[in-house]
Each structure stands twice: as C-alpha cells, then as structure tokens.
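Notes for the one structure printed next.
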Amino acid sequence: MYVSLVEKGQTSLLDALVVGATVEDLDIKDLNNLLKETTNQDIILVYGNLVKGSRNHMRSFNKQITLNGGSYDAQYISQAEADEILKTEQERGAILDDNSSVISGFQNQFRRMQGQAAGAGQGAGLGQGRGLGQGTYSGSRGRSFSIKQQGNRMMMESNGRNADCPLCANIENQGNMFNARLSNGRNAEIKMMPDTAAETALQRLRLRNCNENCSIELKEVGQGQQTRAAYELKTQRNSKVLGMFPAKMNVQAQVDAETGELVKVNKPWWAFLATEAEE
C-alpha cells in the first residue's frame, strides 16, 4: 500500500491530495475499530484525539481536493460517515464530557454538532458540553465580552482589546461565571478581561501601548499544582540602550486570569539600560 500510494501521489497535485485523504480515511477506520476494543480511559483519550486529528486532516485534504477540481469518495469508512465528517467544521478542544470523562469514538463529533445546533453564545458552540461558542457574554463583575471565530482561532474581545483564546474550548459558562478546566483537574474562574490584563501587563513592562507587534493570548501556563489560566502578552519594542543605541527588545508578561496577579515577566538582561523609543 505504501509503495502504491507514493507512486500515485507523484502523478499530480490532485492525486497527492487524494492520497492524503485516503491515509486519513484508513486511520479513521482503524482507530474507530480500536476504540471498540478497550475501556481504558487513558487509551481511549489517546485514540480519541488521534481520530479527531484524522477527521480534521480529512476535512483539510478534501477542501484542497475540491479547490483543485476533484472529489473524494470514501474507501475504508462508509460514505455516509465520510459525508458526515466533511460537512462539519474543524474540531477543537478536549474530548471530555461534563464529568471530565473521555467521550468515546464518533460520539464526540455528534456531541459537537448538537452543541452548535443549540446556538452560539450559549456556552455550547464547541460541543463536548464545554467550550464557549461565538456570542456576547456578561462576566461576574458585570463586564461584557464577546467570543468570535477567525479561521481556526477563537478570539475573546473586551473594550476593543482582542486576545487569542485557545483556552476557550475548555471554558464552561455557569450563569455569569466562566470556569476553565485545567490539565491538573482544577477549575479556574476567568475573572479578568483581555483589556484589563493587557493594561496590567503594559504597566508592569513600562510600555505605553500594544502595537501591531503585540499579541495577547488566554492560555494555560505553568505545570502541576502551579498550572493556571493566564493572559500572556508578547511584544517587540523599539528601544534605545543608554539613550543612544537603537535595539529591538522582546518582552513578555503573564497575568493570572483569575486573580489579576502578575505571574511572570521576561525581558532581556539589558532592559534596565534601555528606554522605549518613539515609534
């Protein structure tokens, strides 16, 4: 099979894309069969993530196949299953249910689709009973924020400040509380909004603003019991060392999304000798 697929993939771009979809097709069949043979939650978690990845890869290959004037017919899974996969969006987030138990096999995709059907903005947009969908929310301190999707990225916005939000897939809306399920099993309430976190980080970094080289991300940081939900701000600033020599300064700060505490600051060793230059 390997030899024949390599030969076919060398024929044309379209054939190469079909080969890619074929490999994912076979992977999905094999992994679905393996999922039926175990009740071990750790093994199910591994298989479940792998098959989710293969579904996403098949969607990507099929999109390019279509753009190049072709079509893909299932060869290993049923055509009905392939059609169900290809008509849905890319899957994101952990494959866990409301009780943090692994969802087995293809059930995860149906959970996801049910979540989307329930309506964006109701905390079910990404499925699995968890994850913020697109919409506007009101936080515990009366601050409103919105979640939107840009390509494959989820974005959180408050008061004109945007943050990439990979953690949104693990945040559950409970009334006006938003709890993120962390990898160490702890729930962290997201109390800080992107604009407040950015202001805190910029003040600590002694920077005036966050320009086009600046990025903010709501993510999980730390390890073990020190794991927490935090906003990470990264930027590159024009500076002058000793007031004379121009230099690019990469800086980073992390702000705890639950407490507002400044968790971490990274600057180059010579930062104390530098001042921010005019843009």
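The values are calculated or read from the model by the stated rules, or taken from the named source; none is laboratory data. Keep in mind that this is a model prediction, so the values were computed, not measured. Glycine gets a Cβ as well: all are built from the backbone with ideal geometry, and neighbour counts include every protein chain shown.
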> How many residues does segment 181-205 hold that are of a type in the set (D, E, K, R), touching a strand residue (DSSP E or B) at 6+ places or on another chain (Cβ under 8 Å) and either at positive phi or assigned to a helix (DSSP H, G or I) (or both)?
Replying inline: 2
>> Among the listed residues V251, V255, identify the single one that is touching a helix residue (DSSP H, G or I) at 6+ places or on another chain (Cβ under 6 Å), within 21 Å of E157 (Cβ to Cβ) and at pLDDT 80 or above.
In response: V255
>> Consider segment 35-50. How many of its residues are in contact with a Phe, Trp or Tyr (Cβ under 9 Å, 6 or more places away or on another chain) and at pLDDT 90 or above?
In response: 0
> within 17 Å of E157 (Cα to Cα), within 22 Å of the chain's Cα centre (by Cα) and surrounded by 14 or more Cβ atoms within 10 Å (Cβ to Cβ), is that true of T196?
Replying inline: yes
> If you take the residues of segment 144-172 that are surrounded by fewer than 22 Cβ atoms within 10 Å (Cβ to Cβ) and touching a helix residue (DSSP H, G or I) at 6+ places or on another chain (Cβ under 6 Å), which of them is nearest to E258 (Cα to Cα)?
Replying inline: S158
